[in-house]
Amino acid sequence: MKVAEKLRLAFEDPRRALRAAGKRPIHWMVKLNNLVVDGTKGNVAERGASSSGLRELDEVREYARTRTDISDHLVTLFVESLAVRPRLIVELGVRGGESTFALERVARLCGSRLVSVDLEDCSSVSTYERRDFIKSDDIAFARSFAEYCEKRSIAPEIDVLFVDTSHLFEHTVQEIEHWFPFLSRDAVVFFHDTNLKDFYVRRDGSMGIGWDNRRGVIAAIERYLQRPFDERRDFVDVAGGWLVRHHAHCAGLTVLKRLDGVVSSAAAVRPRARTAISSM
């Protein structure tokens with residue numbers, strides 16, 4: 001059935017549209033919104049940019065055409081990670097391998113070691129030869145990370161850290177406490193789902209179903225940086241020696257980039273995250 005026909009039937013018989021979309025009103029609201037978006041302007045990503053001149057970037061752009069809760073952020077993840085020319089990338093949370101798709105291309109370009117961690121077996125989502133998959137709770141693995149690196153002759157200094165796990169406040173606080181001490185001097189950190197609600201809106205106006213995590217991830221970042229943020233809007237800030245860039249769309253992505261010697265007016269630089277968390 002064509003999009004225009006679906007829209008016509010939905011407006012003529014909203015009860016039928018509600019039954020077809022599911023029991024919860026939010027589901028039919030999202031479905032109807034996406035029918036309108038597709039019927040009026042289509043998927044913006046499908047009209048994407050011309051070739052960039054970098055094959056890996058074009059691959060990420062093409063991959064991001066499929067709408068998900070992170071699709072809008074995959075190019076950002078690729079570009080920001082590539083900019084630091086990482087030696088070691090750690091990915092906490094793999095799922096279907098969307099973040100892995102972007103990060104492994106950075107790793108191939110830079111010759112990086114990629115370490116992926118998930119509770120489920122996600123070993124098959126990548127064939128990158130310098131990728132290690134660890135089936136574990138990421139906090140438990142963090143406690144043995146130094147030993148893991150020593151056995152493999154890897155410097156335990158993380159240049160790119162990607163966090164996309166439980167999205168719960170206490171767990172994210174623990175992730176900051178346990179993983180930030182391993183960050184390198186020029187590290188960049190990505191937190192996904194920092195604007196997680198019952199539904200989210202992508203750049204093209206389409207919507208997806210989320211869940212209300214009670215601001216879990218962004219609240220943990222606020223606790224660490226000792227500053228409140230409005231995750232509903234894009235923003236750029238400096239706090240605690242970090243450049244903070246937030247993208248509100250598509251469930252939210254918050255990027256922290258270390259700024260040596262820069263101290264915000266609201267918080268002093270803390271040399272180790274473990275000290276910062278335990279002192280609160």
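Couple of notes before you dig in:
- Residue match in the stretch 168-182 (condition: assigned to a loop (DSSP other than H, G, I, E, B), touching a Gly at 6+ places or on another chain (Cβ under 7 Å) and in contact (Cβ under 8 Å) with a residue 40 or more places away in the chain): yes
- Counting only residues that are within 11 Å of Leu88 (Cβ to Cβ) and either in contact with a strand residue (DSSP E or B) (Cβ under 6 Å, 6 or more places away or on another chain) or acidic (Asp, Glu) (or both), the stretch 155-171 holds 5 of them.
- Sole exception among (1) closer than 16 Å to Val173 by Cβ; (2) without any contact (Cβ under 8 Å) to a residue 40 or more places away in the chain; (3) aliphatic (A, V, I, L, M) for Val244, by number: (1)
- For the stretch 183-226, a residue qualifies if it is assigned to a helix (DSSP H, G or I) and either of a type outside the set (D, E, K, R) or over 29 Å from Tyr148 (Cβ atoms) (or both), and the qualifying residues are Gly216, Val217, Ile218, Ala219, Ala220, Ile221, Glu222, Tyr224, Leu225.
- The set of residues in the stretch 209-235 being surrounded by 15 or more Cβ atoms within 10 Å (Cβ to Cβ), in contact (Cβ under 8 Å) with a residue 24 or more places away in the chain and among the charged types (D, E, K, R) consists of Arg215, Arg223, Arg227, Glu231.
- Condition check for Ser112: surrounded by fewer than 20 Cβ atoms within 10 Å (Cβ to Cβ) and modelled with pLDDT of 95 or more: no
The values are calculated or read from the model by the stated rules, or taken from the named source; none is laboratory data. As the structure is a computational prediction, the values presented were derived from the model and not from experiment. So basically every Cβ, Gly included, is an ideal-geometry build from the backbone, and we count neighbours across all protein chains shown.
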